[in-house]
1. Hey, does the range 75-89 have a residue that's at pLDDT 95 or above, of a type in the set (Gly, Ala, Ser), farther than 13 Å from GLN119 by Cα and not in a loop (DSSP other than H, G, I, E, B)?
2. Just give me the residues in the range 23-39 being surrounded by 14 or more Cβ atoms within 10 Å (Cβ to Cβ), touching a strand residue (DSSP E or B) at 6+ places or on another chain (Cβ under 7 Å) and assigned to a loop (DSSP other than H, G, I, E, B), in sequence order.
3. Out of GLY42, GLY10, GLY66, which single residue is surrounded by fewer than 17 Cβ atoms within 10 Å (Cβ to Cβ), touching a residue at least 40 places away in the same chain (Cβ under 8 Å) and out of contact with any strand residue (DSSP E or B) (no Cβ under 6 Å at 6 or more places or on another chain)?
4. So which residues in the range 45-62 are surrounded by 13 or more Cβ atoms within 10 Å (Cβ to Cβ) and either part of a strand (DSSP E or B) or at pLDDT 95 or above (or both)?
Amino acid sequence: QVQLVESGGGLVQAGGSLRLSCVVFGRTVSSYAMGWFRQAPGKEREFVGGISRNCYNTAYADSVKGRFTISRDNAKVYLQMNSLKPEDTAIYYCAADSSPRYSVPVTTTSMDYWGQGTQVTVSS
């Protein structure tokens, strides 16, 4: 059974930073391409950033480019969020894509496993 657990969310002022972490239980994180998604109240879940299985490729939503960085090591996947804005407020989800391709997953339908989410609130 594969389980993803996020941590690192919280309340931060606009302009501040947070670092989200995601641990994969059940298999090594290197088995998956990984992505971060978010969902604000009343909105659909949207892609934030992703990283390929071999770590060579990353992709970001236009709204976070230059502010957010996704990275991974042998145990976790991270999302470093800088220059946070109130519109970044959402529940952030970690997700894993178990397909063998080395591209970056950018859609919710690409993902096979999801974490429970962590709340990020940015005050103005």
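1. No; the residues of the range 75-89 include none that is at pLDDT 95 or above, of a type in the set (Gly, Ala, Ser), farther than 13 Å from GLN119 by Cα and not in a loop (DSSP other than H, G, I, E, B).
2. TYR32
3. Answer to the selection: GLY10.
4. ARG45, GLU46, PHE47, VAL48, GLY49, GLY50, ILE51, THR58, ALA59, TYR60, ALA61
Conditions tested, residue by residue: (1) in contact with an Asp or Glu (Cβ under 8 Å, 6 or more places away or on another chain); (2) within 18 Å of GLY66 (Cβ to Cβ); (3) surrounded by 18 or more Cβ atoms within 10 Å (Cβ to Cβ); (4) not small (Gly, Ala, Ser).
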residue	(1), (2), (3), (4)
MET81	yes, yes, yes, yes
THR89	no, no, yes, yes
TYR93	yes, no, yes, yes
PRO100	no, no, no, yes
PRO105	yes, no, yes, yes
THR118	yes, no, yes, yes
VAL122	yes, yes, yes, yes
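The values are calculated or read from the model by the stated rules, or taken from the named source; none is laboratory data. Source: prediction; values computed, not measured. We place every Cβ from the backbone using ideal geometry, glycine too, and count neighbours over all the protein chains shown.
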